[in-house]
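Here the structure comes first, spelled out in structure tokens, and everything after it is commentary.
Bear in mind these aren't lab numbers, they're just calculated from the coordinates by the rules spelled out. None of the values given here were measured: they were computed from a predicted structure. Positions of Cβ are backbone-derived with ideal geometry, glycine not excepted, and every protein chain shown enters the neighbour counts.
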Amino acid sequence: MDQPTVDRNELAQYLAQLLNIARFRDYCPNGLQVEGCVSIGTLVTGVTASQALIEAAVAAGADAILVHHGYFWRGEDPRVVGPKHHRLKQLLLNDINMFAYHLPLDMHPELGNNAQIAQKLELTPAGRFGEDDLGWLGQTGAGVKTVGDLARVVERALGRPPQVIGDLAQPLKQIGWCTGAAQNLFGDAIAAGATAYLSGEISEPTVHLAREAGVAYLACGHHATERYGVQAIGAHLADRFGITHHFIDISNPV
């Protein structure tokens, strides 16, 4: 029996609608970034379109790669030289399509990074905040009463301890979260009434804001918090189109 496939352009159109990519003013193009073969039977998903992911996708016989962090970021060097040249060359030589979805993949209410991290950490969403409603607001699960409790949940779920700025004994009420490099939404989370905020990264000014506002900040890892949206999208596409899906996790300590 022949393996099911989906047409490259049909898949691009479906994802554009599913993730509502026209809504966002993003830092990169969302959608098909590198064109490969027409028929897609095997899809590999990963967080970032690194050389290591591409090599693993080639070994897996992928016709397409779907990532959260793709190429052609605003302000980057446009020349195709160095690592960019090696990545693009390998994609083109192997006729592999490369799809990338940044903010749309953070935002999807069921398959996105924020929705998926909420499931992993047993958070119950109750609202949104920040530009484009990127930040999520909600409640912790049963038995998670303090910042320390939440930190332990994060460590168990993500496999790494978060960096915590704040009092571990501080009681929790509303929790704000946004995966990745979303420390810029911390002020919006505070204004929305969060007593703790969870993201991937932290910057130097964030420490002072957390201390002065009395709101705990948990930096849980950019890569660690953004592994789940691409997995959910890949599983959804495999179910809808019957194609083969492999998630490949290229470890990253950041």
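A few comments on the model shown:
- Full extension of the chain segment joining residue 23 with residue 124 gains 33.9 nm, where the gain is 0.36 nm per residue of separation less the Cα-Cα distance.
- Additional length obtainable on full extension of the chain from residue 51 to residue 246, 0.36 nm per residue less Cα span: 68.5 nm
- With contacts taken as Cα pairs under 8 Å at a separation of at least 6 residues, the chain carries a relative contact order of 21 percent.
- Counting only the Cα atoms, the chain fills a convex hull of 130 Å³ per residue.
- Relative contact order (%) - criterion: Cα under 8 Å, at least six apart; region: the range 1-55: 49 percent
- The range 74-96 and the range 230-253 have Cα centres spaced 23 Å apart.
- Cβ-based exposure ranking for 220, 178, 37, in which fewest neighbours within 10 Å come first: 37, 220, 178
- A simple packing score, the average count of other Cβ atoms within 10 Å per residue, orders the peptides 212-218, 89-95 as 212-218, 89-95, with the highest score first.
- Segment residue 14..residue 85, full-extension length gain: 22.7 nm, with 0.36 nm per residue of separation and the alpha-carbon distance subtracted.
- Dividing the helix sum by the residues of the chain, where each DSSP H run of 4 or more adds -39500 (n - 2.57), gives a mean residue ellipticity at 222 nm of -10500 deg cm²/dmol.
- Cα gyration tensor, the range 113-225 - rounded (a/c under 1.5), prolate or oblate: rounded
- Relative to one another, the C-alpha centroids of the range 155-173 and the range 205-227 are positioned 10 Å apart.
- Cα gyration tensor, the range 45-115 - rounded (a/c under 1.5), prolate or oblate: oblate
- Taking the fewest neighbouring Cβ atoms within 10 Å as the starting point, the ordered list for 254, 6 is 254, 6.
- Exposure proxy shown here: for 26, 132, 106, the number of other Cβ atoms within 10 Å sets the order, fewest to most, as 132, 26, 106.
- Taking every DSSP bridge with both residues inside the chain, close to 45 percent are antiparallel.
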